[in-house]
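Chemist: Shown below is the structure under consideration.
The values are calculated or read from the model by the stated rules, or taken from the named source; none is laboratory data. In this text the structure is predicted, and so the values were computed from the model without any measurement. Cβ coordinates were reconstructed from backbone atoms using ideal geometry, including for glycine residues, and neighbour counts include every protein chain displayed. With ligands, DNA and RNA removed, areas are computed over all heavy atoms of the protein, side chains included. Shrake-Rupley method; radii C 1.70, N 1.55, O 1.52, S 1.80 Å.
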Amino acid sequence: MNAQPRRVEHQQTDKGSVPVYTTAVIEQPWSTYRTEDHATWAALFLRQREILQHRAAREFIENQKKFGMTPDAIPKFDDLNKVLRKATGWELIGVEGLLPELTFFDHLANRRFPVTWWIRRPDQIDYISEPDLFHDLFGHVPLLLNPVFADYMQAYGKGGVKAHGIGADALVNLTRLYWYSVEFGLIKQDDGLRIYGSGIVSSKGESIHCLESPAPNRIGFDLERIMRTRYRIDTYQKTYFVIDSYEQLMKATEPDFTPIYARLGAQDSIPAGQIVQSDFVYNRGSGEGWSNDGDV
Ligand code: PHE
Ligand code: FE
């Protein structure tokens, strides 16, 4: 494929910013990255590496080193794939932006991880509302080297294809699980809570907030509870869920979700910041700075 891939971003409309979806799989146009793009990568990489030193999960840091990711230049997908294919059989594929749900699930179910080819503009260094190359590569790719997590991601993809066939409510339940594990998950390690969620590791502010702020709840992982819990897309999370291990994540999600979806259908959702009686609470959030509406 020779055509220059498009940069598919959220569109500004009178209703605010709306996502645009695309299904193309493209070759990473590495030679078209400008000095400015490599500089954005370098700035984000150096800043996050510093912040995450004692905050990210041990294997996240180790795996990033195994990939040979450096601040010097935007990594080439081909180079990362040499390491990844051999380790867990996963493969990175280049995409132009957000994928429709079913397309995304199908890639995961086949151990293909979609990575946005373009990187954010300099004025978006601190915040961008959609996934870009930095979020996808720096945030998601390291844990694909972990065999258990790699299997979890594939199982999630297969579960997504299934949920898509069941209906919209099932997809809502499943998406909350992705949000609270893959994107915003914490893990308990010997020396305390650490981050493994990609949405956190690619954010300067949230990397510190999720562990150090008294505001959010930190609660033990509980599958059905999570699948009922609404979340935030435009502020830091009000609640983070803590796993003991990736094996726990794998085990808890092994059962057939069909009866779970049926059961959850009859229950109310839980607001993003609410504690419920069955929760194992590491930290009861002070709620400082929370806005009252906006859970999705
Ligand atoms: N076990 C789930 C199902 O039957 C699939 C799944 C696995 C979902 C892992 C999420 C994570 O639907
Ligand atoms: Fe993501």
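Chemist: Hey, if you put +1 on the Cβ of every Lys and Arg and -1 on every Asp and Glu Cβ in region 138-296, which of P214, L249, V296 ends up farthest toward the positive end of that dipole?
Modeler: V296
Chemist: Return the calculated 222 nm mean residue ellipticity for the chain, to the nearest 500 deg cm²/dmol, obtained by summing -39500 (n - 2.57) across DSSP H runs with n ≥ 4 and dividing by the residue count.
Modeler: The helix contribution divided over the chain gives -11500 deg cm²/dmol.
Chemist: Oh, and also: Mind listing the long-range amide H neighbours of I93? Cut-off is under 5 Å, sequence gap 5 or more, other chains count too, H placed in the peptide plane at 1.01 Å from N.
Modeler: Amide H neighbours of I93, under 5 Å, 5+ apart: F113, V115.
Chemist: If you don't mind, another one. Between Y33, Y156, Y178, which gets the highest mean-square fluctuation from a Gaussian network model of the chain, Cα cutoff 10 Å?
Modeler: Y33
Chemist: What's the magnitude of the charge dipole for region 72-205 around its Cα centre, counting Lys and Arg as +1 and Asp and Glu as -1 at the beta-carbon? Answer in Debye, nearest 20.
Modeler: It works out to roughly 360 debye.
Chemist: Taking N as the number of residues in region 169-296, what is its Cα Rg relative to 2.2 N^0.38 Å?
Modeler: Normalised by 2.2 N^0.38 Å, the Cα Rg of region 169-296 equals 1.00.
Chemist: Out of K66, K238, K251, any idea which swings most in a Gaussian network model of the chain, alpha carbons joined below 10 Å?
Modeler: Residue with maximal mean-square fluctuation among K66, K238, K251: K251.
Chemist: Carbon and sulfur together cover what percent of the accessible area of region 127-231 at a 1.4 Å probe radius?
Modeler: About 52 percent, which is the carbon plus sulfur part of the accessible surface.
Chemist: At a 1.4 Å probe radius, which order do W90, W117 fall into by accessible area, largest first?
Modeler: W117, W90
Chemist: Suppose every K and R has +1 on its Cβ and every D and E has -1 on its Cβ; what is the size of the dipole of region 241-296 about the Cα centre, in Debye to the nearest 20?
Modeler: Using Cβ point charges on Lys, Arg, Asp and Glu, region 241-296 gives about 100 debye.
Chemist: While we're here: Select from K188, K76, K15 the residue whose mean-square fluctuation is largest in a Gaussian network model of the chain (Cα-Cα springs shorter than 10 Å).
Modeler: Of K188, K76, K15, the Gaussian network model singles out K15 as fluctuating most.
Chemist: How large is the accessible surface per residue of the chain, computed with a 1.4 Å probe and reported in Å² as a whole number?
Modeler: 46 Å²
Chemist: Let me ask you something else. Compute log10 of I(q)/I(0) for region 59-174 with the Debye formula, placing one identical point scatterer on every Cα and leaving out solvent, at q = 0.15 Å⁻¹, to two decimals.
Modeler: Log10 of I(q)/I(0), two decimals: -0.70.
Chemist: With all distinct Cα pairs included, what does the Kirkwood hydrodynamic radius of region 134-179 come out to in Å, to one decimal, could you say?
Modeler: 11.6 Å
Chemist: Follow-up question, since we're still on this one. When N is the residue count of the chain, what does its C-alpha Rg come to as a fraction of 2.2 N^0.38 Å?
Modeler: Normalised Rg, Cα atoms only: 0.97.
Chemist: Any idea what Rg and Dmax come out to for region 8-63 if you just take the C-alpha atoms, in Å?
Modeler: Over region 8-63's Cα set, Rg and Dmax evaluate to 16.7, 45 Å.
Chemist: Follow-up. Residues of region 176-216 with the amide nitrogen closer than 17 Å to a label point 7 Å from the Cα of E288, along Cα-to-Cβ, please.
Modeler: 205-216
Chemist: Here is a further query. Hey, how many Å between the Cα centroid of region 236-255 and the Cα centroid of region 94-141?
Modeler: If we compute the Cα centre of each part, the gap is 22 Å.
Chemist: Tell me, what is the 1.4 Å probe accessible area of I233, in Å² to the nearest 10?
Modeler: In the full protein context, I233 sits at about 100 Å².
Chemist: Whole number please: convex hull volume per residue, Cα atoms of region 1-116, in Å³.
Modeler: 152 Å³
Chemist: Next question, about the same structure. Can you work out the Karplus-derived ³J(HN,Hα) for every residue in region 284-296? Use 6.51 cos²θ - 1.76 cosθ + 1.60 with θ = phi - 60°, whole Hz, and x for glycine or proline.
Modeler: 8, x, 6, x, 4, x, 6, 9, 6, 10, x, 5, 10
Chemist: Ok, one more. Regarding region 207-278, what's the average projected area of the Cα-atom convex hull, expressed in nm²?
Modeler: Answer in nm², one decimal: 5.8.
Chemist: Rg and Dmax in Å for region 46-98, alpha carbons only: what are they?
Modeler: Computed over the Cα atoms of region 46-98, radius of gyration and Dmax are 12.6, 33 Å.
Chemist: A follow-up question, please. In Å and whole numbers, how far do the C-alpha atoms of region 150-223 stretch along each principal axis, longest first?
Modeler: Extents along the principal axes: 40, 25, 23 Å.
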